[in-house]
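Taking it in order: structure first as structure tokens, then the write-up.
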Amino acid sequence: MVKLRSSEITPEHLYFSRRQFLKGVGALAAGSALLSACGGKTPPSAGVVNTQTPPGGVSQATDELGDPLTPYEAVTHYNNYYEFSTDKETVAVLAKDFKTSPWTVQVGGLVKNPKTYGIEDLLKKFTQEERIYRLRCVEAWSMVIPWQGFQLSKLLEEVEPTSDATHVRFETLYDPEQMPGQTSGWFRYNWPYVEGLRLDEAMHDLAILATGLYGKPLPPQDGAPIRLVAPWKYGFKSIKAIVKIDLVDYQPGSLWMNAAPDEYGFYANVNPEVDHPRWSQATERRIGELGRRKTLLFNGYADEVAHLYAGMDLGKNY
Ligand SMILES: Nc1nc2c(c(=O)[nH]1)N[C@H]1C(S)=C(S)[C@@H](COP(=O)(O)O)O[C@H]1N2
Ligand SMILES: [Mo]
């Protein structure tokens, strides 16, 4: 159960502003069960109907584990997006006027049918479905987010990777005029933000390209107009504002691997037993909750994805 008593909402527990959070709670209270007395998991055996009412535009008030959705206000005002700011609460403000139209995504490399898609083509061609996923940042906080989007596999099937393709490389827009974090001073980072997946990871049913959340178009701060979501991996793999997707025959680097190779690897699978060199990954802070939760292997998606890593040393392949 999410505890929302104002006395408990302190910067110690929640790093976004208390005022903003309470505003969000107020806005959600009408339609949401986040304030109901009986949140949390109902054992199926009890035969009790889950009385939590989902907020507008969303089909369920919880994920498949019974964890409540993180309030919209938190999802959209506590963001990691270094192109705008390293301050999570400032991202939404600086990204407010980010231009997402016209927008194209160039899909190429080792494919039979390279193609440049307008964002509107992608929205029309691929049915947008809801996916309620946990998002676990490598910094050890997490959220539950109702996304809309479509499976990355659908797009890849359309461009037809050749038999040489082994990995997928993603690239974010490079536009320092719009993205102040990409200008000088951020010498540590090699813009544009890039990320990658192994081809079998990219083809997995759980991997989506998200175009919306909470039944609305994706806000700029969450990666509009289109971003990756790979929920069993640390959040930094889920690259925002994608303009380029290439099929390649090598393991692509990523901005975080380049910035700190000892701290961030290619796989970045959520794993309670593989600590970050500077902090434990055994537990996490669910935004909006008190205390900490145990981190779940593969962020709770082990049944679906563990086979992808059979026989691999997850400590070495971090
Ligand atoms: N282009 C780009 N994508 C990015 C990031 C970023 O800084 N730039 N941050 C990543 C990190 S560390 C996380 S935890 C998630 C956060 O997504 P959210 O702000 O929608 O919760 O986006 C990821 N995608
Ligand atoms: Mo993150």
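Bear in mind these aren't lab numbers, they're just calculated from the coordinates by the rules spelled out. Predicted, not measured: the structure shown is a model, and the values here were computed from it. Cβ atoms come from the backbone with ideal geometry, glycine included; neighbour counts cover every protein chain shown.
Summarising the label geometry, the points placed 7 Å from Cα in the beta-carbon direction at residue 307 and residue 130 lie 2.8 nm from one another.
Quick one: if the Förster radius is 22 Å, what FRET efficiency do residue 64 and residue 294 give, using the C-beta to C-beta distance and rounding to 0.05?
0.80
Given their separation in residues at 0.36 nm each and the Cα-Cα distance between them, residue 90 and residue 190 gain 33.9 nm when the chain is fully extended. Figure legend: label point modelled 7 angstrom from the Cα of residue 139 along Cα→Cβ; residues of region 236-267 with amide N under 13 Å from it are 236. For residue 216, the aspartates and glutamates whose Cα falls under 19 Å of its own Cα, not counting residues fewer than eight places away in the same chain, are 63, 73, 97, 120, 121, 129, 130. A quarter of the convex hull surface defined by the alpha-carbon atoms of region 103-185 gives 8.0 nm² as the mean projection.
Magnitude of the charge dipole for region 28-309, about its Cα centre and with charges confined to Cβ atoms of Lys, Arg (+1) and Asp, Glu (-1), is about 440 debye.
Given the pairs 125/244; 88/237; 124/237; 96/124, which span a C-alpha to C-alpha distance of over 21 angstrom in this model?
124/237; 96/124
Rg and Dmax of region 68-137, both derived from C-alpha coordinates alone, stand at 16.0, 43 Å. Considering only 92, 295, 162, and ranking their Cα positions along the charge dipole of region 28-309 that arises from unit charges at the beta-carbon of Lys, Arg, Asp and Glu, the one farthest toward the positive end is 92.
Spacing of the modelled spin labels on residue 177 and residue 154, each 7 Å from Cα toward Cβ, amounts to 3.4 nm. For region 28-309, the equivalent ellipsoid derived from the Cα gyration tensor has semi-axes of 29, 21, 21 Å, listed largest first.
Determine which residues of region 285-308 fall in the zone a paramagnetic label at residue 273 would reach in this model, i.e. backbone nitrogen under 16 Å from the point 7 Å along Cα→Cβ. Under 16 Å, as judged by backbone N against the label point of residue 273, lie 295-303, 306-308 of region 285-308.
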